[in-house]
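The values are calculated or read from the model by the stated rules, or taken from the named source; none is laboratory data. What you are looking at is a predicted structure, and each value in this text was computed from that prediction instead of being measured. Reconstructed Cβ throughout: ideal geometry from the backbone, glycine too, with neighbour counts over all protein chains shown. Accessible surface is based on the protein model in full, side chains and every heavy atom, while ligands, DNA and RNA are left aside. Shrake-Rupley method; radii C 1.70, N 1.55, O 1.52, S 1.80 Å.
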Amino acid sequence: MMGRILARTTNATFTIFLSFVLSYIMLIGLGILWPEALDWLVQRAKEIEAVIVQPDIPARYRVWLDLLIEEGAILLLFFTMIARIIIAIVLSMLTAAVPASMKGER
């Protein structure tokens, strides 16, 4: 039981770390191979930031949103979500390829 909990925690931590690294690789790769697309994404992230941090929000909340939400973080979040989807698809395909007898199932 404890081994399963540790294995799931380790798997989740590895997946999060891997998606973080892959998101930076995708971001850098896009910037090198297709800088116009990266510029377009940065402009969209700035628009999203402007929508979230609106002037009619009270200053005590807006200052925190302004500090915590920036176009770089939004862009990294976008690439991290794509990386998580790719990892999920790849791991699902690998899991489906392993026979049930090797998984310990009956």
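Which angle between 0 and 90 degrees, to the nearest 10, do you get for helix 35-52 versus the longest principal axis of the chain when only C-alpha atoms count?
70
GNM, the chain, Cα, under 10 Å: largest mean-square fluctuation among LEU75, LEU67, LEU18?
Answer for the Gaussian network model of the chain: LEU67.
Could I get the Rg over Rh figure for region 1-70? Both from C-alpha atoms, Rh via Kirkwood, rounded to two places.
Ratio of gyration radius to Kirkwood radius: 1.20.
Heavy-atom accessible area per residue, the chain, 1.4 Å probe: how many Å²?
The answer is 79 Å² per residue.
Give me the dipole magnitude in Debye, nearest 20, for the chain about the Cα centre, with unit charges on the beta carbon: positive for Lys and Arg, negative for Asp and Glu.
For this selection, approximately 740 debye.
Along the charge dipole of the chain, pointing to its positive end and built from +1/-1 on Cβ of Lys, Arg, Asp and Glu, which listed residue (LEU38, VAL21, VAL98) has its Cα farthest out?
The listed residue farthest towards the positive side: VAL98.
When the helix-only estimate is applied to the chain (DSSP H runs of n ≥ 4, each -39,500 (n - 2.57), divided by the residue count), what is the mean residue ellipticity at 222 nm, nearest 500 deg cm²/dmol?
Rounded to the nearest 500, it is -29000 deg cm²/dmol.
Please report the Cα spread of region 30-106 along all three principal axes, rounded to whole Å, starting with the longest.
60, 35, 14
Label points 7 Å out from Cα along the Cβ direction at TRP40 and ILE28: separation in nm?
Modelled inter-label distance: 2.4 nm.
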